[in-house]
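Student: Please see the structure below; I have some questions.
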Amino acid sequence: MTSAVIKNLAPSRGSLAGWDWPLISVVLGLVSLGLIFVYSASIPYAGERLADSDFFLRRQQIFLIISIATAALVTQVPVDIWRRLALPMTLLGVGLLVLVLVPGIGREVNGSMRWITAAGLRVQPSEWVKVSFVLYLALLLTRRNKDSVVPLLGPLVVLLFITLLLLAEPDLGAAAVLAMTAAGMLFLAGLPIGQFLLLNTGLLSAVAVLTVISPYRMARLTAFVDPWADPLASGFQLTQSLMAFGRGGWSGVGLGQSVQKLFYLPEAHTDFLLAVIAEELGLLAVLLIIAAYAWLTLRAFAIARNALAAGNPFASQVAYGLGLLIGVQALVNIGVNMGVLPTKGLTLPLLSYGGSSLLFTGLALGLLLRIDHETRAAT
Amino acid sequence: MKHPVFPETGQLRDVMLRSLLLLAVAGLAYRAFYLQVLQTPFLQDKAANRHVRVVDEHAHRGMIRDRNGEPLAISTAVNSVWADPTQFVAVRHRWSELADLLEMPAGKLEQLIGQRLERRFVYVKRRLTPQLADQVKGLGLPGIYLQREYRRYYPTGEVSGHLLGFTNIDDLGQEGIELQFDQLLSGQPGRTRVVQDLYRRWVQPVESLEPALSGSDMTLTLDKRLQYLAYRELKAAVHRHRAASGSVVLLDIPSGDILAMVNQPSFNPNETSGRTPAKVRNRAVTDVFEPGSTIKPFIIAAALQAGIYRSDSLIDTRPGVLEVGGHKIRDHRSFGRITPKQILQKSSNVGAARVALGMDAAQIEEALRSLGIGRSTASQLPGESDGILAPAHSWRKLDQATMAFGYGLSVTPLQLAKAYAILGNQGRDVSPRIVSQPAAARPAQVITPEVADSVVRMLEAVVTPEGTAMQADVEGYRIAGKTGTAHLFRKGGYDKERYVATFAGLAPASAPRLAMVITIQDPKGEAYYAGDVAAPVFARVMSRALQLLHIPADGDSLPTRLVQPKGIPA
């Protein structure tokens, strides 16, 4: 069935037919919506704090152009090159994660060291690491090594190391997304169910311990459980987000009409962008956005299956990984916005304001398109 | 373990993972539905509690004008600068820009804001001019905001401060007309439901619950020109004679309109500093003093009215001393047998006392009360005093005698002006008023026209070289008036060295239009007689007032200006 579909879409080199246009369309739709709402949500903040209401719009436009260009460039690089780059990229990523913790190089924002400033640009190494680790894990999982007794030890050690570095920033959100993505990849790669469950139990215990020993995470958790208990302090952000959803109702209060973005909702143009969309455009838009991310993830899975069928297990694992990366992050962000998951500090890929997030999501999508492109060419 | 495991388990696990994904998506979709449909009343209510606020809408405070429409009190929009320190701290390096613009000393902002960084609202400077407010806005400093307020501005400044009073920072009347007519002037603030942002600044009106009703404008009976004039002359006189205080009241006789009412010391109602009770008090209505000889015309009028004397009766004042109840009442010298007119002209205490002693105490009290002595004039000015007039049955013989030359009773300058105005109004009652109103019904006849006119004639003799108030003369007009120089009453008795000098007069005497009272308390210079201290103020103010009001001249200029007046003590 799959091969029949692929045959119909069989590419002719150099033509437009070799690319996944539905995917590209959905992605462009999402980034367009994102641009509109980054602007809408940031006007009060930018206008007042920066005396320049277009500040975030302009920057996001530039990020978008750079990201699209990057994605386009990535589609021209064969998957095999990426396979070879997987290890160096991961090593570089780990190096950056170490660097970001060095005072003077890493930049502290809201109590976290997540950014490196270089040549006037701020980059978030965690975004780099997420993509490169997917490549690296795919490489490890597809390397036939019958001699290894504990084949998963390697990737797990690397994952643990990266996770610890992320937690040191701290960037629990990135660590959680990465861990869930890795778990998904391991599961798909055929890790025996017993080991998989053991691994998950370990992960969950680690999260529980990390939560209990850290007062601020504990506070977030209690605030998450009952945000209305203290809506002015610990539950502030979440209750404000919930109120935005409530205000939106079925069809929203109208574009630009959000009241929650008037400083009530912290991080309105980044982590809580969806709340502003929910308020201004209502339930139907929210459902459409959830559907779009689900579709994107499933599309990535389809690309992975096709790649496997075409005999390219590495590309398949990468496609699974990237799909999980985007899908998991989107679902977690949406869950946080709606109060079903504790607050993490995660952006909504493609929609939220942020150069690093946009750039590496673009890179991931370019890679997906490339994998799909090569699969089509091969069949 | 065989790995990588493809495709046999892979296919199944792919399906499992996709199912899990769809499950999560379904969960999120339900959550969205729950929040945006099922829980909306609760969430919207919570949001409304935070967003929606009812704010007062400013009602414009009415303007106060003088009788010619000249503004006396105006509300103007001003801006106050406030800071949100939590935001403003981010641009600490630019604080000096604001400080320079507002001309604040270097450490002031640091002290004001630097020490309150956790606060969300701190006034930096209140009530800026519009130009300065624009400049502050132009700086574009984050955390700096403007708030619109209304400021009351009094163009006449210290001249009318006592009368107009002032408003407080919340635009509520505190003194004077502003207090008395606060309800009328302030109108009704409106209420509007607005959406506010986190910092409680309104963002947009949702609905108007009650429209704001602007306060009414008021027109006073004052004439700004006469007010200035009276103030200038009073201030100069108080200064020249190093007096403690003073008041001038100028009435329009037919209507009772208060044309001018000024006091010293004064204050500037445009400034919040210097508002001590002593300066703010409208002494012309709040303070009482013993009228001294200025009361004599009313004793004479009462006697004429009662038929006890006629205008040509002769009263024996010899030997210039009269002993009553063990006390000696003295004249400056023995005037012999004199007419009532001469009693007034020479200000004979003995003569006045004899006239009073020839009457019933009750008759005198009745006469004085009918003129408004001992009773507030109901001018609608806040804090007006009743004055003091003891009931006749409590008077001893000596009280009755001394009352005839103005001791033992107290009046306000306005009361005295009113009493003189009645004389000038052919004996008809005059009700002083500060707000223009349609004329009252026919005023009561307090004194017969004949008596009133004849007393006015007598008072003209005072403003002659033979009288005590030559300096009250106004060229081209006939003036009627009376001086009064009373010892100040202090704890334990009358102070032999300190006086209150009063002049009360009417012009033009042939058909009086204006009544004016000048009192000057405790002049410390060489001169202290009312004829020297108060009468010149009368002349200066009255001559100009007559011109400004286009009141035709009724007399010749008297060539006797050069004659040295003989001051006669009360």
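Student: Would you please name the residue that is most open to solvent (accessible area, probe 1.4 Å), looking only at residues in region B:1-49 that are facing chain A (nearest Cβ under 7 Å) and at pLDDT below 85?
Tutor: B:Met1
Student: Could I ask something else about it? Answer yes or no as to whether B:Ala535 is in contact (Cβ under 8 Å) with a residue 60 or more places away in the chain and either in contact with a strand residue (DSSP E or B) (Cβ under 7 Å, 6 or more places away or on another chain) or outside the structural domain of B:Lys482 (by TED's automatic domain parsing) (or both). Working first, answer last.
Tutor: On the way: in contact (Cβ under 8 Å) with a residue 60 or more places away in the chain: yes; either in contact with a strand residue (DSSP E or B) (Cβ under 7 Å, 6 or more places away or on another chain) or outside the structural domain of B:Lys482 (by TED's automatic domain parsing) (or both): yes.
Spelling it out, B:Ala535 is indeed in contact (Cβ under 8 Å) with a residue 60 or more places away in the chain and either in contact with a strand residue (DSSP E or B) (Cβ under 7 Å, 6 or more places away or on another chain) or outside the structural domain of B:Lys482 (by TED's automatic domain parsing) (or both).
Student: Limited to region B:499-527, what total is found for residues that are more than 19 Å from B:Met403 (Cα to Cα) and modelled with pLDDT of 90 or more?
Tutor: Residues that pass the stated criteria total 18.
Student: Restricting the first residue to region B:60-83 and requiring it to be more than 28 Å from B:Ser436 (Cα to Cα), which pairs with a second residue that is acidic (Asp, Glu) and surrounded by fewer than 15 Cβ atoms within 10 Å (Cβ to Cβ) meet a Cβ separation below 9 Å and a spacing of at least six or different chains?
Tutor: B:Asn79/B:Asp134
Student: Still on this structure, I have one more. Can you give me the ranges of the helices (runs of 4 or more DSSP H) entirely in region A:158-232 with at least 2 residues that are within 14 Å of chain B (Cβ to nearest Cβ) and modelled with pLDDT of 80 or more?
Tutor: On the way: elements: A:172-188, A:193-213, A:215-225.
The helices (runs of 4 or more DSSP H) meeting that bar are A:172-188, A:193-213.
Student: Something else now. Quick one: which of A:Leu28, A:Leu85 is open to solvent by 40 Å² or more (accessible area, probe 1.4 Å), among the aliphatic types (A, V, I, L, M) and closer than 25 Å to A:Leu166 by Cβ? Talk me through it step by step, then tell me what you get.
Tutor: Details: A:Leu28 fails: closer than 25 Å to A:Leu166 by Cβ.
Exactly one residue qualifies, and that residue is A:Leu85.
Student: Still on this structure: Of these, A:Arg107, A:Arg143, which one is surrounded by fewer than 21 Cβ atoms within 10 Å (Cβ to Cβ), at pLDDT below 85 and under 21 Å from A:Thr270 (Cβ atoms)? So that I can check it myself, show each step before the final result.
Tutor: Details: A:Arg143 fails: under 21 Å from A:Thr270 (Cβ atoms).
Of A:Arg107, A:Arg143, the one residue that is surrounded by fewer than 21 Cβ atoms within 10 Å (Cβ to Cβ), at pLDDT below 85 and under 21 Å from A:Thr270 (Cβ atoms) is A:Arg107.
Student: Check region B:179-190 and report whether any residue there is closer than 13 Å to B:Arg61 by Cβ, free of Cβ contacts under 8 Å to residues at least 40 places away in the same chain, of a type in the set (Asp, Glu) and open to solvent by 60 Å² or more (accessible area, probe 1.4 Å).
Tutor: The answer is no, given that none of the residues of region B:179-190 is closer than 13 Å to B:Arg61 by Cβ, free of Cβ contacts under 8 Å to residues at least 40 places away in the same chain, of a type in the set (Asp, Glu) and open to solvent by 60 Å² or more (accessible area, probe 1.4 Å).
Student: Out of (1) touching a residue at least 60 places away in the same chain (Cβ under 8 Å); (2) open to solvent by 10 Å² or more (accessible area, probe 1.4 Å); (3) within 22 Å of the chain's Cα centre (by Cα), what's the single condition that is false for B:Thr402?
Tutor: Unmet for B:Thr402, out of (1) touching a residue at least 60 places away in the same chain (Cβ under 8 Å); (2) open to solvent by 10 Å² or more (accessible area, probe 1.4 Å); (3) within 22 Å of the chain's Cα centre (by Cα): (3).
Student: State whether one or more residues within region A:252-266 are of a type in the set (S, T, N, Q) and either facing chain B (nearest Cβ under 10 Å) or surrounded by fewer than 20 Cβ atoms within 10 Å (Cβ to Cβ) (or both).
Tutor: yes
Student: All but one of (1) within 14 Å of chain A (Cβ to nearest Cβ); (2) free of Cβ contacts under 8 Å to residues at least 40 places away in the same chain; (3) surrounded by fewer than 16 Cβ atoms within 10 Å (Cβ to Cβ) hold for B:Asp197; which doesn't?
Tutor: (3)
Student: Does A:Ala307 meet the test of being outside any loop (DSSP other than H, G, I, E, B), touching a Ser or Thr at 6+ places or on another chain (Cβ under 7 Å) and of a type outside the set (D, E, K, R)?
Tutor: Values: outside any loop (DSSP other than H, G, I, E, B): yes; touching a Ser or Thr at 6+ places or on another chain (Cβ under 7 Å): yes; of a type outside the set (D, E, K, R): yes.
Against the criterion (outside any loop (DSSP other than H, G, I, E, B), touching a Ser or Thr at 6+ places or on another chain (Cβ under 7 Å) and of a type outside the set (D, E, K, R)), A:Ala307 qualifies.
Student: Mind checking which helices (runs of 4 or more DSSP H) fall wholly inside region B:225-326 and carry at least 1 residues that are in contact with a Lys or Arg (Cβ under 6 Å, 6 or more places away or on another chain)?
Tutor: On the way: elements: B:277-280, B:283-286, B:296-306.
In region B:225-326, the matching helices (runs of 4 or more DSSP H) lie at B:296-306.
Student: Under 6 Å between Cβ atoms, which residue pairs at least 6 apart in sequence (or on different chains) link something in region A:45-60 that is within 26 Å of A:Leu30 (Cβ to Cβ) and more than 14 Å from chain B (Cβ to nearest Cβ) with a partner that is in a helix (DSSP H, G or I) and open to solvent by 60 Å² or more (accessible area, probe 1.4 Å)?
Tutor: Every condition considered, the pairs that remain are A:Leu57/A:Tyr39.
Student: Identify the residue in region A:287-303 that is within 9 Å of chain B (Cβ to nearest Cβ) and either within 17 Å of A:Leu363 (Cβ to Cβ) or β-branched (Val, Ile, Thr) (or both) and, among all such residues, is farthest from the chain's Cα centre (by Cα).
Tutor: In the first step, residues of region A:287-303 are kept if they are within 9 Å of chain B (Cβ to nearest Cβ); the result is A:287, A:290-291, A:293-294, A:297-298, A:301.
Going one step further and asking which of them are either within 17 Å of A:Leu363 (Cβ to Cβ) or β-branched (Val, Ile, Thr) (or both), we end up with A:290, A:297.
Working: A:Ile290: 14, A:Thr297: 11 Å.
Residue satisfying both the conditions and the ranking: A:Ile290.
Student: Related question: Test B:Ser96 against the stated conditions and say whether it is surrounded by fewer than 19 Cβ atoms within 10 Å (Cβ to Cβ), more than 14 Å from chain A (Cβ to nearest Cβ) and in a helix (DSSP H, G or I).
Tutor: On the way: surrounded by fewer than 19 Cβ atoms within 10 Å (Cβ to Cβ): yes; more than 14 Å from chain A (Cβ to nearest Cβ): yes; in a helix (DSSP H, G or I): yes.
Yes, satisfied.
Student: Given the residues A:Leu359, A:Leu348, which is the only one that is of a type in the set (A, V, I, L, M, F, W, C), under 28 Å from A:Val77 (Cβ atoms) and open to solvent by less than 20 Å² (accessible area, probe 1.4 Å)?
Tutor: That would be A:Leu348, the only listed residue that is of a type in the set (A, V, I, L, M, F, W, C), under 28 Å from A:Val77 (Cβ atoms) and open to solvent by less than 20 Å² (accessible area, probe 1.4 Å).
Student: Sticking with this structure for a sec: Which numbered condition in (1) within 14 Å of chain A (Cβ to nearest Cβ); (2) open to solvent by 30 Å² or more (accessible area, probe 1.4 Å); (3) out of contact with any Leu (no Cβ under 8 Å at 6 or more places or on another chain); (4) not hydrophobic (A, V, I, L, M, F, W, C) is the only one that B:Glu158 fails?
Tutor: B:Glu158 satisfies all of (1) within 14 Å of chain A (Cβ to nearest Cβ); (2) open to solvent by 30 Å² or more (accessible area, probe 1.4 Å); (3) out of contact with any Leu (no Cβ under 8 Å at 6 or more places or on another chain); (4) not hydrophobic (A, V, I, L, M, F, W, C) except (1).
Student: In addition: Could you figure out which of (1) surrounded by 13 or more Cβ atoms within 10 Å (Cβ to Cβ); (2) more than 14 Å from every other protein chain (Cβ to nearest Cβ); (3) in contact with a helix residue (DSSP H, G or I) (Cβ under 6 Å, 6 or more places away or on another chain) isn't true of A:Ser241?
Tutor: (2)
Student: Follow-up question, since we're still on this one. Looking at region B:125-139, can you tell me whether even one residue there is open to solvent by less than 30 Å² (accessible area, probe 1.4 Å) and more than 14 Å from chain A (Cβ to nearest Cβ)? Spell out the reasoning first.
Tutor: Taking region B:125-139 as the starting set, the residues that turn out to be open to solvent by less than 30 Å² (accessible area, probe 1.4 Å) are B:128, B:133, B:136.
Okay, now just the ones that are also more than 14 Å from chain A (Cβ to nearest Cβ), so B:128, B:133.
Scanning region B:125-139 turns up at least one residue that is open to solvent by less than 30 Å² (accessible area, probe 1.4 Å) and more than 14 Å from chain A (Cβ to nearest Cβ).
Student: Among what's in region A:330-348 and is within 14 Å of the chain's Cα centre (by Cα) and in a loop (DSSP other than H, G, I, E, B), pick the residue that is modelled with the lowest pLDDT. Show your work before the answer.
Tutor: Let us first name the residues in region A:330-348 that are within 14 Å of the chain's Cα centre (by Cα), namely A:330-336, A:344-348.
Among the residues that remain, those that are also in a loop (DSSP other than H, G, I, E, B) are: A:344-348.
Working: A:Lys344: 75, A:Gly345: 81, A:Leu346: 89, A:Thr347: 92, A:Leu348: 95.
Filtering region A:330-348 for residues that are within 14 Å of the chain's Cα centre (by Cα) and in a loop (DSSP other than H, G, I, E, B), the one modelled with the lowest pLDDT comes out as A:Lys344.
Student: Under 6 Å between Cβ atoms, which residue pairs at least 6 apart in sequence (or on different chains) link something in region B:140-153 that is away from chain A (no Cβ under 14 Å) with a partner that is among the basic types (Lys, Arg)?
Tutor: Short answer, once both residue conditions are applied: B:Arg151/B:Arg127.
Student: Quick check on B:Val456: is it open to solvent by less than 10 Å² (accessible area, probe 1.4 Å), farther than 25 Å from B:Arg232 by Cα and without any contact (Cβ under 8 Å) to a residue 60 or more places away in the chain?
Tutor: yes
For (1) modelled with pLDDT under 95; (2) under 30 Å from B:Glu57 (Cα atoms); (3) in contact with a helix residue (DSSP H, G or I) (Cβ under 9 Å, 6 or more places away or on another chain); (4) small (Gly, Ala, Ser), each residue gets a yes or a no:
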site	(1), (2), (3), (4)
B:Ser208	yes, yes, no, yes
B:Ser216	yes, yes, yes, yes
B:Met261	no, no, yes, no
B:Pro269	yes, yes, yes, no
B:Pro277	yes, no, no, no
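Student: Go through B:Pro413, B:Pro438, B:Pro432, B:Pro443 for me and flag whichever is at pLDDT below 90 and touching a Ser or Thr at 6+ places or on another chain (Cβ under 9 Å). Explain how you work it out, then say what you get.
Tutor: Working: B:Pro413 fails: at pLDDT below 90; B:Pro438 fails: touching a Ser or Thr at 6+ places or on another chain (Cβ under 9 Å); B:Pro432 fails: at pLDDT below 90.
None of the others qualify; the one that does is B:Pro443.
Student: Then there is this: Looking at the structure I just gave you, is B:Arg148 within 28 Å of the chain's Cα centre (by Cα), modelled with pLDDT under 85 and not in a loop (DSSP other than H, G, I, E, B)? First the steps, then the outcome.
Tutor: Working: within 28 Å of the chain's Cα centre (by Cα): yes; modelled with pLDDT under 85: yes; not in a loop (DSSP other than H, G, I, E, B): yes.
Yes; evaluated as a whole, the condition is true for this residue.
Student: Just checking, which of B:Ala278, B:Ala243, B:Ala236 is open to solvent by 10 Å² or more (accessible area, probe 1.4 Å) and not assigned by TED's automatic domain parsing to the domain that holds B:Met542? Walk me through it before giving the result.
Tutor: On the way: B:Ala243 fails: not assigned by TED's automatic domain parsing to the domain that holds B:Met542; B:Ala236 fails: not assigned by TED's automatic domain parsing to the domain that holds B:Met542.
Checking each option against the conditions leaves just B:Ala278.
The values are calculated or read from the model by the stated rules, or taken from the named source; none is laboratory data. None of the values given here were measured: they were computed from a predicted structure. Cβ: placed from backbone, ideal geometry, glycine included. Neighbour counts: every protein chain shown. Just the protein is used for accessible areas: all its heavy atoms, side chains included, with ligands, DNA and RNA removed. Shrake-Rupley method; radii C 1.70, N 1.55, O 1.52, S 1.80 Å.
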